[in-house]
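Derivation of every value follows stated rules applied to the coordinates shown; laboratory data play no part. Computed from a prediction, not measured in an experiment: that's the story for all the values here. Note that each Cβ is placed from the backbone with ideal geometry, even for glycine, and that neighbours are counted across all protein chains shown.
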Amino acid sequence: MRYEKADNLLQLALEMQAARGGLSLKDIEDKFGIGRRTAMRMRDAVLRNFPQCEEVETDERIKRWRIPSGTLDRLIIFTADELAALESAIRLLDRDNREDEAANLSTLSGKLRALLRPDVARKVEPDLEAMLEAEGLAMRPGPRPRIKVFVVEDLREAITACRKVKIRYKNRHTKRTAERLVHPYGFLHGHRNYLVGWHENPKANKVALFALPNVEEVEILAETFVRDPGFDLAGFAARSFGLFQEEPYSVAWRFAPEAAEDAADFVFHPTQTMEKQPDGSLIVRFIAGGDLEMAWHLYCWGDKVEVLEPAKLAEMVNESRVAWGALP
């Protein structure tokens, strides 16, 4: 058996122990990017090698399997690669002023290191130190909005408990501060960081974005709310090119031949398709809203990109292109 197959089987066994509700064949397919027959062979191999594995009784028609908690604890170790990735995530969060999440991950990192056996720790620590020295983080160009840590902590508590919140919110345009009654759903992070929530108001009553730097105070109310079962945060975010929410529409950009190779290395949107043209240019198509954020991004490509559609975006971009000396 190749080493990678043994690694995958061990990883599957650990996943089966971690999943309290068990794993289905579909879960195995998704986690390892494999087909149904390979997933069945992997499951059968785990069942052969770990007779403690049991089928989970559920109300579903889908079969699930798990390994009882504690069975594989002695096989769990943390590698220098994994700990370095966690430390890099902490640095990224710190860089982006997401202090509360950085602190939580830092605490987790400390707990994981405390679980290392002394002999393993002696082997891992030198590699971890060397890897962290080799990992550099470029500072993001431009300003970064400040976020009040206590605001995020209160909102996260309300999200977990499904409690309504009353926020004091300053409008960016009018500069006026007013109270808003919100059902907090989650956060979206980008060039600005936003609270996503249902705005309970006779004139609103819809999912809305609230810029976190503009939330001055949060009061967690005793009243709970029922989250809209049809709302999906990932789907909500994918409707837009960035953060600003608009009705999605068809988008097409043509990158000049000298920029096509660089553009092909970018994921502009999850729904994108790319079409190489006979003249060496590249057409990128996707469906999303947010023409202003698209215009901001396209400006850095200068005269190496042309907007084909929609017409409104073409008007915003095509006449303002600059011949920059380098590509993004």
Original post:
Taking only DSSP H segments of four or more residues, each worth -39500 (n - 2.57), what value at 222 nm results for the chain once the sum is divided by all its residues, to the nearest 500 deg cm²/dmol?
Top reply: -12500 deg cm²/dmol
Original post:
What distance in nm separates the simple spin-label points at ASP232 and ARG146, each placed 7 Å from Cα in the Cβ direction?
Top reply: 3.9
**OP:** State the answer as a single residue: which of ALA89, VAL124, ASN104 lies farthest towards the positive end of the charge dipole of segment 80-134, with beta carbon charges of +1 for Lys and Arg and -1 for Asp and Glu, about the Cα centre.
**Re:** VAL124
Subject >> Calculated log₁₀ intensity ratio I(q)/I(0) where the Debye formula runs over C-alpha points of segment 152-298, q = 0.15, 0.16 Å⁻¹ >> reply: -0.81, -0.88
**OP:** With springs only between Cα atoms under 10 Å apart, run a GNM on the chain and tell me which of CYS300, CYS162, CYS53 wobbles the most.
**Re:** CYS53
Original post:
What number in nm² do you get for the chain if you take the convex hull of its Cα atoms and divide its surface by four?
Top reply: 23.6
Original post:
Which entries of LYS148/LYS175; LYS175/LYS312; LYS164/LYS203; LYS175/LYS206; LYS5/LYS26 show an alpha-carbon separation above 24 angstrom in the structure shown?
Top reply: LYS175/LYS312
Original post:
Of all the stretches in the chain, which is the longest one without any exposed loop site, taking GluC sites (Glu not before Pro) in a DSSP loop (any state but H, G, I, E, B) with at most 16 other Cβ atoms within 10 Å?
Top reply: 247-328
**OP:** May I ask for the longest run of the chain untouched by trypsin sites (Lys or Arg not before Pro) that are loop-located per DSSP and have at most 11 neighbouring C-beta atoms (other than their own) within 10 Å?
**Re:** 204-328
Original post:
Against the longest principal axis of the chain, how steep is helix 80-95, in degrees 0 to 90 to the nearest 10, with axes from Cα atoms?
Top reply: 30
Original post:
Which distance in Å, rounded to a whole number, links the C-alpha centroids of segment 11-72 and segment 87-133?
Top reply: 30
Subject >> For the chain, size of Cβ-based charge dipole, Lys and Arg +1, Asp and Glu -1, in debye >> reply: 740
